[in-house]
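Q: Input: one structure, supplied below.
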Amino acid sequence: MALSLLHLALLIMASSLFTPTPVSASNATAADLSALLAFKDSLSDPGGVLRGNWTASTPYCGWVGVSCGHRHRLRVTALALPGVQLGGGLAPELGNLSFLSILNLSDTALTGQIPTSLGKLPRLLSLDLSSNYLSGIVPASLGNLTVLEILNLDSNNLTGEIPHELCNLQSVRFLILSRNDLSGPMAQGLFNGTSQSQLSFFSLAYNSLTGNIPSAIGILPNLQVLELSRNQLSGQIPSSLFNMSNLLGLYLSQNNLSGPVPDNQSFNLPMLRDVYLSKNELAGTVPPGFGACKYLQEFVLSYNRFTGGIPLWLSTLPELTTMSLGGNDLSGEIPAVLSNITGLTVLDFTTSKLHGEIPPELGRLAQLQWLNLEMNNLTGTIPASIKNMSMLSILDISYNSLTGPVPRKIFGESLTELYIDENKLSGDVGFMADLSGCKSLKYIVMNNNYFTGSFPSSMMANLSSLEIFRAFENQITGHIPNIPAYQSSISFIDLRDNRLSGEIPQSITEMKNLRGLDLSTNNLSGIIPVHIGKLTKLFGLGLSNNKLHGPIPDSIGNLSQLQLLGLSNNQFTSAIPLGLWGLENIVKLDLSHNALSGSFSEGIQNLKAITFMDLSSNQLHGKIPLSLGVLNTLTYLNLSKNMLQDQVPNAIGNKLSSMKTLDLSYNSLSGTIPKSFADLSYLTSLNLSFNKLYGQIPEGGVFSNITLQSLERNTALCGLPRLGFPRCPNDESNHRHRSGAIKFILPSVVAATVIGACLFILIRTHVNKRSKKMPVASEEVNNYMTVSYFELARATNNFDSDNLLGSGSFGKVFRGILDDGQIVAIKVLNMELERATMSFDVECRALQYASTGKASRKSDVFSYGIMLLEVVTGKKPTDTIFSEELSLREWISQAIPSRLAHVVDHNILLLDEEATSSGDVQHAGWSSCEGSPSGWSCLLQILDLGLQCSCDLPEERVSMKDVAAKLARIKEGLQSSR
């Protein structure tokens, strides 16, 4: 309506002001010719329209777009080239066309600023520069155009405030500055003298204007259309705007207007046809004053804060075609009397608080094209009377609590969009056979219901316009319907979380425009179609949680637009295709819980957009590639439960600065934990358990709150005593000494063990002799030998390292000779550790048994076996990793022989310099032991001996005499290989 008023005005003006008259160029005035030529020179004229027509051989009054007057036949009165792609800027010389009445250069691709010289055109009646790329401010000089009737600067890039000089345009009828980037308030002075104003069409929509709406606008006596939508206006709507007898259209949508709309006492809009107040902060009830607007056609008050029920007076507006009250706080039921408005084409009550059933009377709205009742609290069934809405194009009843089946034969040929999702609908999906007659249907959205049955085979036959099909989270069975190849318009198919079976139809690969396909969480079998790579526009593919098998097709590498790929929880085998590592746009990749094998490709560095990668629970082997470190967008990485080996690359910690979750557990990774992991500031979840890692646990960062479960079952980690790990050696020189060849270290361990065995035998013999000579009363149980600290210092040569037998979590054990010649083992506890005292109590229980005579030699053998296990593993039975379900013995028994490296204390894995410096413990050069090519055999024999000593049944334990003999043989084997 607004544009028709403008076009009518231009037509009348053109017919009354001029008629084009060809005139000889020799009679042309120099001023007008010069101005036109300057204008031509300022343009790029890409189409050559002016270049081929504005020539010297033709009089300028005959040039295309140029018109001259009746009385002054040599003067240019109009320059009109609308829609001609001129390009370039406006020449200031246009201000010299002093007889110019019409300047229409709309949609001509003009750039630059509006020349201020245009304000020197005293006869200008119409200035239309709309739909260009003009920038800068609105020149204040335009206020000098006192006879101007039309000013149209719509759809440019103008900035700044509206010049108050425009208030001088007392003759202007159409003032259109919409669709720019004008800012600031609408000054009250802009409307001075409004009682004599001729303004009938005023548009400032789609700008960035602020402040209040001036009340003076309501005094404009001839105003018919007021467009202020899409600004940042605030405050209440002036009451004067609701008392304008000639107003036809009021457009104030998408501002920050608030407060109530004035009541009936000041409400007088008898000619009103259109009112748009949507997307503001208006409150109160739906204004009853609109009930008197008998010509009202479009009534749009959606997305405000109106309350109360749907007014019954709406049914008395016979001309109403659009009723949009959605997005408010309206409550109550939908009035059945609304069916009296038989001319309604749009009925919108979305996102409200309506309840009750959908009135079947609404079926009388035969002209209705859009019915939107989504996101309410509606109950009951879908009325079968909808079939009478033969013009219905969009039906949206989603997000309610509707129940029952979808009635048959209710959808007409005009249906383009169907939304019945997020309800409690049930019954067979046979109703979808009725959709085959909806040849213009684009969207089918029926997810999150309780539909059952199988898709009709003929459902997709005629749906050549279908773009979106979403039926996820139902209980649909049967096969995926075959979609004819000619239906290339479809872009999204989402059938996840159903009970579909069978194979993925090959026809899917012919859908050239398919962008999203999600069939996850069904019972699909078979393979991925080998030609899946033909879907080159696909950005999301979800096939997780099915029974698919076979290899991932190589053609998947052709999906260059793919961003989401989910293939988890299937039975895929073979290696990951190389082409997959070339998907540069992939953001989320989940291949977990399959049987994929092979190693990583260095091409993984191409996944530069990836944020989520889960390859867990497969059979991948080899190294973690260094190129993984370039994926600096990665926030989630799970490689757990594979067969990955070698060291964890430092690049993961050095470069993956966005990492939040990292899981490398249940692999065979070795080496030390990169210290750079502690510098990953976003890392909150780290799991390195069940690997072969050893050495210092880093400090700070994620390790400040890490749990034992994230580090357990590794070879020989140290540090972090709060979790029961031993302290790491901090003397660098001593560390270098311990890093020498195994020929100096392992024999010492074995020798210490042999000495310990001898010590046990000597002590046992001494105790037995004493026990035979005199019985021990029960009150003498705690009568231990009293030895002073000074005697202990003398016995160990002041605790010299040469007398060190071994060290554990809570202290060190030294060999000593007391003043009476008795050889003893002396344990020095680190009392700074909380569990040291408890450890001492547990370890002394065997000695209590010996002193009371209640224990046999088998008890001593048991204690010695536990000591053997402690020395080799660096663990204590009291460590926090052990519980009633898992003891020290059970932990070792489960690990050997295949996972021996997981239990051996790192402090005794002191290898040759080359192996130590490289960090490769598993492949270091061990000396042979009893013919074995690996020194691990020595440790394995010692641990096995410790297990034999500590069997649960005493009769199964070996004697101490046999223990000493076996240890001697181990020692001899080591010495012979040196």
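The values are calculated or read from the model by the stated rules, or taken from the named source; none is laboratory data. Note that the structure is a prediction, hence the values are computed from the model and not measured. So basically every Cβ, Gly included, is an ideal-geometry build from the backbone, and we count neighbours across all protein chains shown. Quick note on the areas: whole protein, heavy atoms, side chains included, nothing else; ligands and nucleic acids left out. Shrake-Rupley method; radii C 1.70, N 1.55, O 1.52, S 1.80 Å.
Q: Would you check if residue 254 is farther than 21 Å from residue 303 by Cβ and out of contact with any strand residue (DSSP E or B) (no Cβ under 8 Å at 6 or more places or on another chain)? Explain how you work it out, then say what you get.
A: Numbers: farther than 21 Å from residue 303 by Cβ: no; out of contact with any strand residue (DSSP E or B) (no Cβ under 8 Å at 6 or more places or on another chain): yes.
So residue 254 does not fit the description; no.
Q: Can you report the number of residues in segment 687-715 which are open to solvent by less than 10 Å² (accessible area, probe 1.4 Å), in a strand (DSSP E or B) and in contact with a helix residue (DSSP H, G or I) (Cβ under 9 Å, 6 or more places away or on another chain)?
A: The total comes to 1.
Q: Taking the criterion of being in contact with a helix residue (DSSP H, G or I) (Cβ under 9 Å, 6 or more places away or on another chain), within 19 Å of residue 38 (Cα to Cα), open to solvent by less than 10 Å² (accessible area, probe 1.4 Å) and in the same structural domain as residue 183 (by the TED database), would at least one residue in segment 101-108 satisfy it?
A: Yes, segment 101-108 contains at least one residue that is in contact with a helix residue (DSSP H, G or I) (Cβ under 9 Å, 6 or more places away or on another chain), within 19 Å of residue 38 (Cα to Cα), open to solvent by less than 10 Å² (accessible area, probe 1.4 Å) and in the same structural domain as residue 183 (by the TED database).
Q: Among the residues of segment 332-341, is any hydroxyl-bearing (Ser, Thr, Tyr) and either open to solvent by 50 Å² or more (accessible area, probe 1.4 Å) or in a loop (DSSP other than H, G, I, E, B) (or both)?
A: Within segment 332-341, not a single residue is hydroxyl-bearing (Ser, Thr, Tyr) and either open to solvent by 50 Å² or more (accessible area, probe 1.4 Å) or in a loop (DSSP other than H, G, I, E, B) (or both).
Q: Another question, then. For segment 297-310, which positions are farther than 19 Å from residue 229 by Cα and part of a loop (DSSP other than H, G, I, E, B)?
A: Within segment 297-310, 308, 309, 310 qualify.
Q: I would also like to ask the following. Run down 580, 634, 628 and say which single residue is of a type in the set (A, V, I, L, M) and either on the phi > 0 side of the Ramachandran plot or not in a helix (DSSP H, G or I) (or both).
A: Just one listed residue meets the conditions, 634.
Q: Moving on to the next point. Within segment 141-175, can you find the residues that are open to solvent by 40 Å² or more (accessible area, probe 1.4 Å), touching a Lys or Arg at 6+ places or on another chain (Cβ under 8 Å) and β-branched (Val, Ile, Thr)?
A: Step one: of segment 141-175, the residues open to solvent by 40 Å² or more (accessible area, probe 1.4 Å) are 144, 146-147, 149, 157, 159, 161, 164-165, 168, 170-171, 173.
Retained after the next criterion (residues that are touching a Lys or Arg at 6+ places or on another chain (Cβ under 8 Å)): 144, 147, 149.
Of everything in segment 141-175, just one residue is open to solvent by 40 Å² or more (accessible area, probe 1.4 Å), touching a Lys or Arg at 6+ places or on another chain (Cβ under 8 Å) and β-branched (Val, Ile, Thr), namely 147.
Q: When segment 206-219 is examined, which residues are found to be in a loop (DSSP other than H, G, I, E, B) and surrounded by fewer than 22 Cβ atoms within 10 Å (Cβ to Cβ)?
A: 206, 212, 214, listed by residue number.
Q: I've got another one for you. Report every pair of residues separated by at least 6 positions or lying on different chains whose Cβ atoms are under 9 Å apart, first residue within segment 209-230 and more than 14 Å from residue 252 (Cβ to Cβ), second open to solvent by less than 50 Å² (accessible area, probe 1.4 Å) and of a type in the set (Val, Ile, Thr).
A: Matching pairs, first to second residue: 216/194; 219/194; 220/194; 221/194.
Q: Using the structure shown, decide if residue 418 is surrounded by 22 or more Cβ atoms within 10 Å (Cβ to Cβ) and in a strand (DSSP E or B).
A: In short, yes.
Q: Could you check, for segment 280-296, whether at least one of its residues is crowded, with 20+ Cβ neighbours inside 10 Å, under 26 Å from residue 414 (Cβ atoms) and under 43 Å from the mean Cα position of the chain (by Cα)?
A: Just the residues of segment 280-296 that are crowded, with 20+ Cβ neighbours inside 10 Å, to begin with: 280, 282, 286-287, 290, 293, 296.
Restricting the remaining residues to those that are under 26 Å from residue 414 (Cβ atoms) gives 296.
So of that shortlist, the ones also under 43 Å from the mean Cα position of the chain (by Cα) come out as none.
No, segment 280-296 has no match at all.
Q: Taking segment 591-608 as the region of interest, how many residues are outside any loop (DSSP other than H, G, I, E, B), open to solvent by 30 Å² or more (accessible area, probe 1.4 Å), in contact with a Ser or Thr (Cβ under 8 Å, 6 or more places away or on another chain) and within 17 Å of residue 634 (Cα to Cα)? Full working, then the answer.
A: Initial filter on segment 591-608 (outside any loop (DSSP other than H, G, I, E, B)): 597, 602-606.
With the extra rule that they be open to solvent by 30 Å² or more (accessible area, probe 1.4 Å), the set shrinks to 597, 602, 605-606.
Going one step further and asking which of them are in contact with a Ser or Thr (Cβ under 8 Å, 6 or more places away or on another chain), we end up with 597, 602, 605.
Remaining after also requiring within 17 Å of residue 634 (Cα to Cα): 602, 605.
The number of residues fulfilling the criteria is 2.
Q: Continuing with this model, one more query. Taking the residues in segment 669-686 that are part of a helix (DSSP H, G or I) and under 14 Å from residue 657 (Cβ atoms) as candidates, determine which candidate is most open to solvent (accessible area, probe 1.4 Å).
A: Residues of segment 669-686 that are part of a helix (DSSP H, G or I), as a first pass: 675-679.
Narrowing the set further to residues that are under 14 Å from residue 657 (Cβ atoms) leaves 676-679.
Details: 676: 12, 677: 1, 678: 18, 679: 119 Å².
Among those residues, the one meeting the criterion is 679.
Q: For the structure I just gave you, tell me whether residue 306 is in the same structural domain as residue 147 (by the TED database) and either among the aromatic types (Phe, Trp, Tyr) or farther than 22 Å from residue 166 by Cα (or both).
A: So residue 306 fails the test.
Q: Taking the criterion of being among the aromatic types (Phe, Trp, Tyr), farther than 16 Å from residue 644 by Cα and out of contact with any helix residue (DSSP H, G or I) (no Cβ under 9 Å at 6 or more places or on another chain), would at least one residue in segment 581-593 satisfy it?
A: No.
Q: For segment 132-186, how many residues are among the hydroxyl-bearing types (Ser, Thr, Tyr) and part of a helix (DSSP H, G or I)? Write out each step before concluding.
A: First, the residues of segment 132-186 that are among the hydroxyl-bearing types (Ser, Thr, Tyr): 133, 135, 141, 146, 155, 159, 171, 178, 183.
Cutting the leftovers down to part of a helix (DSSP H, G or I) gives us 141.
Within segment 132-186, residues that are among the hydroxyl-bearing types (Ser, Thr, Tyr) and part of a helix (DSSP H, G or I) number 1.
Q: Shifting gears a bit: Within segment 150-164, can one find any residue that is in the same structural domain as residue 45 (by the TED database), of a type outside the set (Phe, Trp, Tyr) and over 49 Å from the mean Cα position of the chain (by Cα)?
A: We begin by selecting, within segment 150-164, every residue in the same structural domain as residue 45 (by the TED database); these are 150-164.
Applying the additional criterion that residues be of a type outside the set (Phe, Trp, Tyr) yields 150-164.
Narrowing further to those that are over 49 Å from the mean Cα position of the chain (by Cα): 150.
Yes, the conditions are met somewhere in segment 150-164.
Q: Can you tell me which of 557, 540 is open to solvent by less than 40 Å² (accessible area, probe 1.4 Å), among the small types (Gly, Ala, Ser) and more than 20 Å from residue 468 (Cα to Cα)? Break it down stepwise before answering.
A: Working: 540 fails: more than 20 Å from residue 468 (Cα to Cα).
557 is the lone residue from the list that is open to solvent by less than 40 Å² (accessible area, probe 1.4 Å), among the small types (Gly, Ala, Ser) and more than 20 Å from residue 468 (Cα to Cα).
Q: For the subset of segment 609-631 comprising residues that are buried (at least 22 other Cβ atoms within 10 Å of the Cβ) and of a type in the set (S, T, N, Q), which member is farthest from residue 665 (Cα to Cα)?
A: Of everything passing the filter in segment 609-631, 618 is farthest from residue 665 (Cα to Cα).
Q: Only residues that are hydrophobic (A, V, I, L, M, F, W, C) and assigned to a helix (DSSP H, G or I): list them for segment 311-331, please.
A: Result: 312, 313, 314.
Q: Taking the stated definitions as given, is residue 619 free of Cβ contacts under 8 Å to residues at least 60 places away in the same chain, part of a strand (DSSP E or B) and touching a strand residue (DSSP E or B) at 6+ places or on another chain (Cβ under 6 Å)?
A: No.
Q: So residue 265 ticks every box in (1) assigned by the TED database to the domain that holds residue 238; (2) assigned to a loop (DSSP other than H, G, I, E, B); (3) surrounded by fewer than 19 Cβ atoms within 10 Å (Cβ to Cβ) but one. Which box is left unticked?
A: Looking at each condition in turn, residue 265 falls short on (2).
Yes or no, residue by residue, for (1) in a loop (DSSP other than H, G, I, E, B); (2) modelled with pLDDT of 75 or more; (3) open to solvent by 20 Å² or more (accessible area, probe 1.4 Å); (4) not hydrophobic (A, V, I, L, M, F, W, C):
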site	(1), (2), (3), (4)
865	no, yes, no, yes
891	no, yes, no, no
939	no, yes, no, no
962	no, yes, yes, yes
965	no, yes, yes, no
975	no, no, yes, yes
978	yes, no, yes, yes
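Q: Which numbered condition trips up residue 517, out of (1) closer than 15 Å to residue 468 by Cβ; (2) in a loop (DSSP other than H, G, I, E, B)?
A: Every condition holds for residue 517 apart from (2).
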